[in-house]
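Below is one structure, written out as structure tokens; comments come after it.
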Amino acid sequence: MPSTPLPDYKHAANQTAKARAAAQAASRKSSPSAAISAADRKNALQIAAEQRAAAASAARADALGRSGSISSNTASSGVTALTSSEPASNDELGARPFTRRNGRRYLRDMSLSYPLPCDLAEIHRQTLRTMLLCQVFNGPVCSPSFVKKPPNRVLEVGCGTGFWSVMCHRHFAQRGFPSIQFTGMDIAPLAPRMDSDDDMKWTFVQHDLRRVPLPFRADEFNLVMIKDMSMVTPTTGLQQQLMDEYIRILKPGGTLEIWDGDHSLRMLLPHAPPTPRGDDESEGGEQALTNAMGTYTLTSSTPLAAPQNQYLNDYNAWVSKALEARQLTPMPCTTIRPMLLQEAEVLVEIDCRRLAIPLGEVRWEREGVGGAVTQGSNGHVISSKGKAKELDRRALTAGQAALRRTALMTVIGMIESLEPLLREASGKGQDEWDRWQGNMMTDLLKSGGTSWGECLEVGAWWARKKKPPP
């Protein structure tokens with residue numbers, strides 16, 4: 001924790017109603033739309049169409065920022081860029097929170113642990129990831145608390161552009177609940193301010209999470225969503241302080257939900273997914289959906305190993321070193337459930353859902369699980385050969401392939417966004433790094449480099465706050 005006073009970030013975001021900023025800059029060949037349900041795909045495309053103008057405006061602001069000529073209220077996106085490398089005062093950090101380093105836009109405050117940029121490329125990656133998670137979790141929330149009755153007041157912590165809140169609003173609005181009050185909180189002024197004619201009830205609060213207590217009343221929210229925050233909160237006492245705050249602002253009977261994923265990658269070993277049992281509203285129906293998407297439920301018995309791909313092994317070593325130097329964990333999925341269980345006096349119905357999303361076609365799926373199993377060079381089982389039952393052989397559908405491609409693109413985007421940290425951890429010069437990155441891209445995108453079963457591991461955890469005894 002810094003010894004100097006933290007900057008007092010201003011509350012105003014200076015953005016138009018339609019500037020869901022570049023978060024919906026949606027058109028890449030890797031778009032997950034082919035893997036999303038018809039309703040969610042329609043929503044995503046509609047959001048993207050609405051935001052093309054805002055993305056173009058933000059891109060123009062980005063270009064202006066490279067010359068240092070943009071002011072804090074120039075662009076509709078509210079994003080500010082500075083080129084000065086001089087230490088910033090607290091007032092300057094509040095008025096101009098962004099700067100350019102390594103050719104990309106970052107938060108200017110060097111005391112923050114957060115290592116990722118805040119530019120269009122990173123916003124696009126985060127948008128793809130949010131769409132991917134909403135797809136594999138079959139909606140914007142996983143807790144069964146809201147199957148029949150939606151939350152009245154929702155807080156999205158670290159909301160960024162507010163894209164998850166928009167998806168959540170549209171999810172419940174389609175089900176006849178358009179009046180949920182959403183609040184987004186973030187240190188960066190990326191989220192929009194909705195005009196009175198917008199169909200979403202939205203409030204943005206600009207706040208530094210290191211400043212506790214949070215600026216909300218006790219028992220204010222029915223749902224507190226904490227999504228992809230493991231690169232924001234260091235593994236210090238701040239995590240416990242924030243957990244105490246989340247519980248404080250949660251209504252009795254309200255739900256705390258956490259979505260995140262491991263930054264270090266592993267490899268799925270050959271195994272057959274569980275057979276679904278039960279109806280559509282049971283765990284059996286959930287498993288059937290998981291199987292249909294070509295993803296795998298992660299349990300304590302799921303066979304996993306280090307990646308066979310050398311580039312991903314390199315990345316794992318560098319990202320672990322880089323994040324640990326910032327007191328960030330490369331594998332947050334191992335820490336979230338124990339953190340919730342420590343609060344068992346006030347939290348009940350603690351549960352989770354963890355999934356592995358392969359990053360491409362997997363050879364042991366194609367060959368079939370069965371027959372003689374061989375060993376890889378690292379000593380782990382990596383493929384299945386021999387005569388397998390035809391029912392064990394699996395070919396990907398178009399939707400499954402699109403979903404896996406999207407997962408791969410989010411991983412590649414993460415490596416690109418973490419380049420300065422990874423390059424430093426690797427000890428490579430710029431030219432050497434560029435060669436490594438080019439070879440990595442070719443291997444992963446064109447040469448089937450993830451065919452051993454390398455996967456993205458994601459999870460959702462939830463719990464309810466106890467109600468006082470009657």
Check: Could you give every pair whose Cβ atoms fall below 8 Å, whose first residue belongs to the stretch 208-222 and is within 14 Å of D244 (Cβ to Cβ), and whose second residue is modelled with pLDDT of 95 or more and of a type in the set (D, E), counting only separations of at least 6 or pairs across chains?
Finding: V212/E245; P213/E245; L214/E245
Margin query: Yes or no: the stretch 150-158 includes at least one residue that is free of Cβ contacts under 8 Å to residues at least 24 places away in the same chain, in contact with an Asp or Glu (Cβ under 9 Å, 6 or more places away or on another chain) and either assigned to a helix (DSSP H, G or I) or of a type outside the set (S, T, Y) (or both).
Written below: no
Check: Listed residues L328, L355; which is hydrophobic (A, V, I, L, M, F, W, C), within 20 Å of the chain's Cα centre (by Cα) and more than 15 Å from C455 (Cβ to Cβ)?
Finding: L328
Checklist line | Filter result (hydroxyl-bearing (S, T, Y) and closer than 18 Å to G285 by Cβ) within the stretch 130-169 | finding: S143, S145
Item checked: Inter-residue pairs, beta-carbon under 9 Å, first surrounded by fewer than 18 Cβ atoms within 10 Å (Cβ to Cβ) and among the basic types (K, R) and in the stretch 90-115, second at pLDDT below 95 and assigned to a loop (DSSP other than H, G, I, E, B), 6+ apart -> R96/S71; R96/S72; R96/T80; R96/A81; R96/L82; R96/A88; R96/R108; R101/S85
Next item on the list: Being in a loop (DSSP other than H, G, I, E, B) and either closer than 17 Å to E457 by Cβ or modelled with pLDDT under 95 (or both) is the filter here, so list the residues in the stretch 326-373 that pass it.
Entry: L328, T329, P330, M331, T335, L359, G360, V362, G368, V369, G370, G371
Next item on the list: Search the stretch 153-190 for residues being among the β-branched types (V, I, T) and closer than 14 Å to L223 by Cβ, and hand back the single one that is surrounded by the most Cβ atoms within 10 Å (Cβ to Cβ).
Entry: V154
Margin query: Consider the stretch 321-355. How many of its residues are among the small types (G, A, S) and crowded, with 17+ Cβ neighbours inside 10 Å?
Written below: 1
Next item on the list: Could you figure out which of (1) polar (S, T, N, Q); (2) within 21 Å of R129 (Cα to Cα); (3) free of Cβ contacts under 8 Å to residues at least 40 places away in the same chain isn't true of T297?
Entry: (3)
Note to self: Given the condition touching a Leu at 6+ places or on another chain (Cβ under 9 Å) and surrounded by fewer than 19 Cβ atoms within 10 Å (Cβ to Cβ), answer yes or no: does some residue in the stretch 449-459 qualify?
What the structure shows: no
Next item on the list: Report, by residue number, each residue of the stretch 239-281 that is small (G, A, S) and at pLDDT 95 or above.
Entry: G253, G254, G261, S264
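The values are calculated or read from the model by the stated rules, or taken from the named source; none is laboratory data. Given the structure is predicted, the values throughout are model-derived calculations rather than measurements. Here the Cβ is made from the backbone with ideal geometry for all residues, glycine too, and neighbour counts use every protein chain on show.
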